[in-house]
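Engineer: Structure in structure tokens, see below.
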Amino acid sequence: MTSRPKPVVLILIDGLTPSMLEATDAPALRFLLDHGSYRRAASTFPSLTPVCLASIATGGHGDVHGIPHLVWWNRAEQRLVEYGSSFAAMRATGIAQGLRDTMINLNEKHLLSTAETIYEALEDDGLTTAAIDITTYRGRTRHAAIVPGFPPVYGPKRFFFYSVYESDPTGAPLAFLSRSLGSIDAYAAAIGRWLVTRDGSDLLVYYLPDYDYASHAVGPDLAHEALGRADDAVATLFAAAGGPDAFLERYAVVLCSDHGQSPIEHATRLEVPGALVAASNRAAMVYGDDPRALAAALDDDPSVGMTLFLENGELVARHAGDEDPSLLDAFPDGHARALGALRNPNSGDVLVSAAPGWEFRDLGGRHHRGGGSHGSLEASDSEVPMLTVGLGDPPASITGIKQLVVDHFASPTKS
Ligand SMILES: [Zn+2]
């Protein structure tokens, strides 16, 4: 007997490291682990949220989606784009411009028109998708803002974005009241409950960012309280379905994070004479005329783990003056991630992956010394937990999620 494939919930816990999930005794997350297939998977490069979420939504690295970093030089408009490294960094480029770039332009202008999002792919097949708070949301349905001053945007049919865009009235509390106490995850949970109660979508992208916020402050492997709040947000979906077993009767699940997190001991302002540097967290991009000379200028910098550039279309990976593509074998999915980042048309001429323990100060001078950060090619920044329930084997990369979900709905015989 054939039946309609189960709807899918994609749970994204920002910055959750594999070790934290594997050791958790938080009840909802443990229940999913006990009922699914699990592996560690690779993120993209730079392993920073706007880049990673674009990779999850489009199924490709930067060469496919065009989002290069948290901060980058927009060659066409001759200006820096800053997606919110910190409030101080946003102030350096202008708060209003920063909000517009993060909330509107990322999808309307920066995301390549040649890329296809998971919402576009599924809705073109007649399915209904829903997204809560994920920064890569481009879809086919026009949504007017419910807050004055924001333009209409195109998103999935059911679209909820930080209390600014809401396709349906759900009664959710405001998203921004108290970030450190988990108000954004609480907003997501209220909407998730509303959607699950109504069977409101074939795909629900349930993005929970508050864990990453806590992990930056206290460092990886210490943010247990924040993970407990993410667990509560997952338990809310279970309750809306009538309990954990009833939830898995009705839904298939992907649970993962977008990137990892590393402890930070040193912070530095990365500088290259004669070049423009866009740096934040544990990755940087250098814009200038002679990539080889720019990379060589960083050979003796202890904060630099690896420099990458293209020469006659070939990838060059350089560490302390040595050049060898096999240097990338030390990192999860290193070669594909490096090449995808270098072939992103919005990337710098040289890409920099930070050395272990180091972070680059952002435009506002901010850093997370004593806490956690991410962005580099290193495994600690780049390995993510990847759990599937009712969808077969989990993918080896965050770029495999889109195809997994599309294939699930393309198969008519699954029940
Ligand atoms: Zn982060």
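The values are calculated or read from the model by the stated rules, or taken from the named source; none is laboratory data. Owing to the predicted nature of the structure, the values given are computational and were not obtained by experimental measurement. Quick reminder, even Gly has a Cβ in these numbers, built from the backbone with ideal geometry, and neighbours come from all protein chains shown.
Engineer: Kindly indicate which of Pro220, Pro244 is more than 21 Å from Asp133 (Cα to Cα), in the same structural domain as Ala41 (by TED's automatic domain parsing) and in contact with a Phe, Trp or Tyr (Cβ under 8 Å, 6 or more places away or on another chain).
Structural biologist: Going through Pro220, Pro244 in turn, the sole match is Pro244.
Engineer: Additional query: Counting only residues that are within 16 Å of the ligand (Cβ to nearest atom) and touching a residue at least 24 places away in the same chain (Cβ under 8 Å), give me the helices (runs of 4 or more DSSP H) lying completely in region 311-415 with at least 3 of them.
Structural biologist: In region 311-415, the matching helices (runs of 4 or more DSSP H) lie at 379-382.
Engineer: When you go through Gly84, Gly126, Gly94, Gly149 one by one, which is the residue that is in contact (Cβ under 8 Å) with a residue 12 or more places away in the chain and of a type in the set (Gly, Ala, Ser)?
Structural biologist: Unique residue meeting the criteria: Gly84.
Engineer: The conditions are (1) outside the structural domain of Ser215 (by TED's automatic domain parsing); (2) within 21 Å of the chain's Cα centre (by Cα), and Thr399 fails exactly one of them. Which is it?
Structural biologist: (1)
Engineer: Next up: Anything in region 190-220 that is acidic (Asp, Glu) and out of contact with any Gly (no Cβ under 8 Å at 6 or more places or on another chain)? List them, or say none.
Structural biologist: Within region 190-220, Asp199, Asp202 qualify.
Engineer: Go through the residues of region 267-283 one by one and say whether even a single one is within 16 Å of the ligand (Cβ to nearest atom) and either over 30 Å from Gln78 (Cα atoms) or touching a Cys at 6+ places or on another chain (Cβ under 8 Å) (or both).
Structural biologist: no
Engineer: Mind listing whichever residues of region 286-310 are within 29 Å of the chain's Cα centre (by Cα) and part of a helix (DSSP H, G or I)?
Structural biologist: Pro291, Leu294, Ala295
Engineer: Check Asp258, Asp212 and return the single one that is assigned by TED's automatic domain parsing to the domain that holds His110 and touching a Ser or Thr at 6+ places or on another chain (Cβ under 6 Å). Can you show your working first?
Structural biologist: On the way: Asp212 fails: touching a Ser or Thr at 6+ places or on another chain (Cβ under 6 Å).
Step by step, each of Asp258, Asp212 is checked, and only Asp258 is assigned by TED's automatic domain parsing to the domain that holds His110 and touching a Ser or Thr at 6+ places or on another chain (Cβ under 6 Å).
Engineer: As an exercise: evaluate Arg343 against (1) more than 14 Å from Thr44 (Cβ to Cβ); (2) surrounded by fewer than 16 Cβ atoms within 10 Å (Cβ to Cβ) and give the number of the one condition it does not meet.
Structural biologist: Failed condition: (1).
Engineer: Can I ask one more? Evaluate the following for Gly200: is it more than 25 Å from Ala26 (Cα to Cα) and surrounded by fewer than 22 Cβ atoms within 10 Å (Cβ to Cβ)?
Structural biologist: Against the criterion (more than 25 Å from Ala26 (Cα to Cα) and surrounded by fewer than 22 Cβ atoms within 10 Å (Cβ to Cβ)), Gly200 qualifies.
Engineer: Go through (1) touching a His at 6+ places or on another chain (Cβ under 6 Å); (2) acidic (Asp, Glu); (3) in the same structural domain as Ser86 (by TED's automatic domain parsing) one by one and return the number of the condition Glu383 breaks.
Structural biologist: For Glu383, the failing item is (1).
Engineer: Here is a further query. Looking only at region 13-32, which residues are surrounded by fewer than 24 Cβ atoms within 10 Å (Cβ to Cβ) and not aliphatic (A, V, I, L, M)?
Structural biologist: Passing the criteria: Pro18, Ser19, Glu22, Thr24, Asp25, Pro27, Arg30, Phe31.
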